[in-house]
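Right, one structure below, let's go through it.
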Amino acid sequence: MIRQEALEILHNMVQSQNLRKHCYAVGAVMATLALKFEMSNDKCQIWEIAGLLHDADYEKYPKKHPSVTIEELEKRKEDPELIAAIKAHAWGYREGYPKPESKFEWSLYICDELTGLIVACALVRPDRKLASVDVASVMKKWNQKSFAAGVDRSHIELCDEKLGIKLPDFIQIALSAMQAIAIDLGL
C-alpha cells in the first residue's frame, strides 16, 4: 500500500474533518519517528500509513474499532507489521488486543495521545496556530490534568522507557512533524 491508497481508505471511511486531521497528525509523527530511527523509505511509508489508518474505522464503528480496519488490511494482504501496530494501539482500550512490543507498535501507541495534547495547546493560543506552540508551552500544560483531560499522559510518558526518547525531545519531534503539515491540520 502506498500513502495515496491509505488516504483513499481514510477518506472513504471518515467524514469527520477533526478525525481526519487527527489521523494526518499521527501519520506525520509516525513518519518522523521512522526517520529518527533510521528506517528505510519503505518502512517510513508503512509507519506513516499506520498513523493515517489507525482510527479509520472509529467514526463508523466505534464499538468495533479497530477490528474493521484490521479486517480490511488483512483482506488486502498488507504488511503484517502494519496490522500488528494498529492492533497494538488498542491495547488497554479494547479487550483482546495485544500489548505493543516493537518500536513501531510503541511509537503508534505513544504518539496517538500526544497529538491530541499538542492540538489542544494550539487551540488555546491567541492565533490558534501550531507555529505558536513550543515544547515549553506543552510542558506548562502537562501537569494541568483538567487541560485536555481526555489525553492519557501515562501513555506519552512511556516514550523514554519504550523508545529511548526523553519526554521533551519526544514532544519536539511530534510538534515539528505536526508544524510541517499545519496547513493540512488547519492549525
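The values are calculated or read from the model by the stated rules, or taken from the named source; none is laboratory data. The model shown is predicted, which means the values in this text are computed figures rather than measured ones. When we count neighbours, we look across all protein chains shown, and the Cβ atoms used for this are built from the backbone with ideal geometry, even at glycine. Protein only, heavy atoms only, side chains kept; ligands, DNA and RNA dropped before computing areas. Shrake-Rupley method; radii C 1.70, N 1.55, O 1.52, S 1.80 Å.
Listed values, structure above:
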{"read-out": "Filter on Lys75/Lys103; Lys63/Lys141; Lys87/Lys162; Lys60/Lys87; Lys129/Lys166 - keep pairs with C-alpha separation over 21 Å", "value": "Lys75/Lys103; Lys63/Lys141; Lys129/Lys166"}
{"read-out": "Contact order relative to length of the stretch 1-112, as percent, for alpha carbon pairs under 8 angstrom and 6 or more apart", "value": "24 percent"}
{"read-out": "Helical contribution to [θ] at 222 nm, DSSP H n ≥ 4, -39,500 (n - 2.57), averaged over the chain, rounded to 500", "value": "-18500 deg cm²/dmol"}
{"read-out": "Theoretical gain in end-to-end length, Gln144 to Ser132 [0.36 nm per residue, Cα-Cα removed]", "value": "2.4 nm"}
{"read-out": "Solvent-accessible surface ranking, highest first, for Trp142, Trp91 at 1.4 angstrom", "value": "Trp91, Trp142"}
{"read-out": "Inter-site label distance for His11 and Arg94 at 7 Å from Cα along Cβ, in nm", "value": "2.5 nm"}
{"read-out": "Relative contact order for the chain, counting Cα pairs under 8 Å that sit 6 or more residues apart, in percent", "value": "21 percent"}
{"read-out": "Modelled FRET efficiency - R0 30 Å, Asp160 with Lys77, Cβ distances, 0.05 increments", "value": "0.25"}
{"read-out": "Listed candidates (i) 73, 38, 30; (ii) 42, 40, 32; (iii) 45, 34, 33 - label of the one calculated as Cα extents along the principal axes in Å", "value": "(iii)"}
{"read-out": "Mean projection area, nm², convex hull over Cα of the stretch 23-84", "value": "4.1 nm²"}
{"read-out": "Calculated FRET value between Lys63 and Phe37, using beta carbons and R₀ = 25 Å, to 0.05", "value": "0.15"}
{"read-out": "Per-selection metrics, the stretch 69-155 (Cα): Rg and Dmax in Å", "value": "15.9, 46"}
